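First comes the structure, then the notes that go with it.
Since every read-out is calculated from the coordinates, none of them should be taken as a lab result. The structure presented is a predicted model; accordingly, all values stated were derived computationally and were not measured. FYI the Cβ positions are ideal-geometry reconstructions off the backbone, even for glycines, and counts take in every protein chain you see.
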Amino acid sequence: MKKKPISKPTYISFNGHGIDVALNRADDLDRLSLEHFSQKNAPRVLDLGCGAGGHSMRMSKTGTNVLAVDVHDFSEVFLQLQEQVGVQGQPKFIYGDIRNLPELIDGRTFTDTYMQRTLHYLRYTEALSLLEYLFNITDDKLFISTMGIASEAGKGYSGNNLNIKDRFTALSVDNREKFSIKEPVCLYKKDEFVELLNNSGWRVEKCWQSAFGNIKAVCAH
């Protein structure tokens with residue numbers, strides 16, 4: 001019998017903010033976060049730049065109380081996924097810009113924060129302010145990643161020769177289409193990313209660069 005070809009997963013982009021990878025698969029940073037949350041008693045996690053809720057749902061299945069935030073309105077998508085996954089009432093979704101996070105979360109605090117593939121949409125100074133704020137409202141760990149300047153997306157990037165504080169520009173024309181990223185971004189070198197995390201108060205426990213050139217870190221107080 002002839003085997004059916006294996007279909008490739010469909011990757012979706014929303015609102016020019018890149019491919020929503022988490023809808024299709026969990027990466028190494030995702031798995032580390034799930035292992036951490038599953039060992040805690042009633043963790044409260046803030047998921048920033050949550051996209052359509054792929055990892056928010058995975059976290060909720062471990063018993064984690066998740067508050068997810070995104071600049072695109074995924075409220076209806078979250079309701080549908082909650083029913084499909086069987087995690088009624090969780091995770092909670094807030095529609096809004098993470099630059100205005102204090103207004104969005106209304107004084108809430110969390111045991112941990114998770115932020116994948118989102119930080120590069122902020123200017124360096126905005127990222128620093130946000131990370132400082134997260135340090136103050138998070139009791140334990142930060143799981144975070146950003147797009148690296150050494151990644152495929154960094155080829156032809158006009159910010160390559162700019163100081164990190166001035167580096168906020170669009171990808172090359174070809175890469176805007178290839179990666180579905182229309183917004184300006186701040187791409188990081190690994191040492192710049194570590195320095196940013198340290199300057200905002202976080203202690204970097206582990207930092208590595210993926211095969212795709214993206215930079216990931218696990219941080220603590």
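Listing for the model above:
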{"quantity": "Radius 9 Å from Cβ of I164, net charge of other residues (Lys, Arg +1; Asp, Glu -1)", "calculated": "0"}
{"quantity": "Beta bridges per DSSP with both ends in the chain, % antiparallel, nearest 5", "calculated": "45 percent"}
{"quantity": "Relative contact order of segment 133-221, pairs being alpha-carbon contacts under 8 Å that are 6 or more residues apart, as %", "calculated": "38 percent"}
{"quantity": "Nearest-20 debye value, the chain charge dipole, Cβ charges on Lys, Arg, Asp, Glu", "calculated": "860 debye"}
{"quantity": "Relative contact order [Cα under 8 Å, 6+ residues apart], the chain, whole percent", "calculated": "18 percent"}
{"quantity": "Integer Hz, Karplus 6.51/-1.76/1.60 couplings in order for segment 160-167, x for Gly and Pro", "calculated": "4, 9, 9, 4, 4, 6, 9, 8"}
{"quantity": "For segment 117-182 versus segment 39-86, the gap between their alpha-carbon centres in whole angstrom", "calculated": "23 Å"}
{"quantity": "Under 17 Å, Cα to Cα: Lys pairs in segment 21-220, sequence gap 8 or more or different chains", "calculated": "16"}
{"quantity": "Calculated P(r) tail over 28 Å for the chain, as whole % of Cα pairs", "calculated": "27 percent"}
{"quantity": "Amide H partners (placed H, <5 Å) of A68, local residues excluded", "calculated": "D47, K92, F93, I94"}
